Amino acid sequence: MEPTSGAGVQAYYAESAERLARAYESVPFESVHGALLDLLPEPPARVLDVGSGTGRDAAALAGRGFTVDAVEPVTELRLVAERLHQGTGVTWRAGALPALQGVQGPYDVVLLSAVWMHLRREERPVAMRRLAGLLAPRGILLITLRRGEPPEGRRMFDIPPEEVADHGAEAGLVPVRLVDEGADLLGRDAVRWNSVALRKERAPCPPL
């Protein structure tokens with residue numbers, strides 16, 4: 001299962017890569033993730049940016065001294081990221097949830113910014129287990145969730161943060177912070193955002 005490669009998801013981002021880059025790069029990393037920045041460990045901790053898009057977050061984290069791997073399934077977005085943020089030290093690669101094939105932890109931080117809402121219901125627990133397995137002990141998983149009615153023509157789901165926390169608990173992660181970020185920074189009236197921070201405190205329970 002590679003959800004971000006599906007029609008209506010990858011195709012949209014591939015066709016809109018340059019336009020999306022202008023929009024995404026116009027909003028500073030600190031404005032998007034300000035409510036979570038105090039949870040970051042000290043650099044040069046290892047960070048994985050899943051669904052890294054045009055590279056804004058990955059480049060900002062590298063600029064703060066972190067060791068950053070960025071995974072993006074859409075070739076067009078990945079090429080834009082490599083062009084806009086060349087020389088930042090980020091390692092760019094292809095990959096998609098829930099499998100994230102070839103990605104090897106452990107990571108001190110795993111970031112998913114505006115990615116989780118593309119996963120189907122049956123994919124979410126699988127993806128969470130995979131992400132939990134990539135975290136180092138005491139590692140932290142940061143997820144931002146787009147809320148509101150999904151746009152037509154794209155596979156997207158309005159996922160509450162409580163569901164994310166429940167999947168995290170099943171994978172051995174404990175909630176650290178659930179944040180109502182409020183209004184969309186790009187000015188879209190029908191869109192609001194939540195953030196979820198989960199920490200790896202224990203190994204997941206084996207299946208019965």
If you work out Kirkwood radius over Cα pairs in Å from the coordinates, which of (1) 17.0; (2) 21.1; (3) 18.4 do you get?
(1)
Could you state the accessible area per residue of the chain in Å², with a 1.4 Å probe and every protein chain left in place?
46 Å²
If r is the Cβ-Cβ distance from residue 86 to residue 18 and R0 is 25 Å, what FRET efficiency results, to the nearest 0.05?
0.90
Please give the calculated 222 nm ellipticity per residue for the chain, where each DSSP H segment of at least 4 residues contributes -39500 (n - 2.57) and the sum is spread over every residue; nearest 500 deg cm²/dmol?
-8000 deg cm²/dmol
May I ask which residue of 51, 144, 14 lies farthest towards the positive end of the charge dipole of the chain, with charges of +1 (Lys, Arg) and -1 (Asp, Glu) on Cβ and the Cα centre as origin?
51
With only Lys, Arg, Asp and Glu charged, each at its Cβ (+1 for the first two, -1 for the last two), find how big the charge dipole of the chain is about the Cα centre; round to the nearest 20 debye.
360 debye
For segment 113-172 the mean separation of alpha carbon contacts under 8 Å (6+ apart) over residue count, i.e. relative contact order in percent, is 45 percent
In percent, what relative contact order does segment 87-199 have, based on Cα pairs under 8 Å that are 6 or more apart in sequence?
26 percent
Project the alpha carbons of segment 51-130 onto their principal axes and report the range along each, largest first, in whole Å.
38, 27, 21
Calculate the dipole size of segment 96-186 relative to its Cα centre from +1 charges on Lys and Arg beta carbons and -1 charges on Asp and Glu beta carbons; express the result in debye to the nearest 20.
340 debye
The chain: relative contact order as a whole-number percent, Cα under 8 Å and 6+ apart
19 percent
Length gained, residue 35-residue 158, 0.36 nm per residue minus C-alpha separation, equals 42.2 nm
Hey, any idea what % of the chain's accessible area is carbon plus sulfur with a 1.4 Å probe?
52 percent
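The values are calculated or read from the model by the stated rules, or taken from the named source; none is laboratory data. Quick caveat: nothing in here was measured; it's all calculated off a predicted structure. Neighbour counts run over all protein chains shown; Cβ positions are idealised from the backbone, glycine included. Heads up: the accessible areas ignore ligands, DNA and RNA and are worked out on the full protein's heavy atoms, side chains in. Shrake-Rupley method; radii C 1.70, N 1.55, O 1.52, S 1.80 Å.
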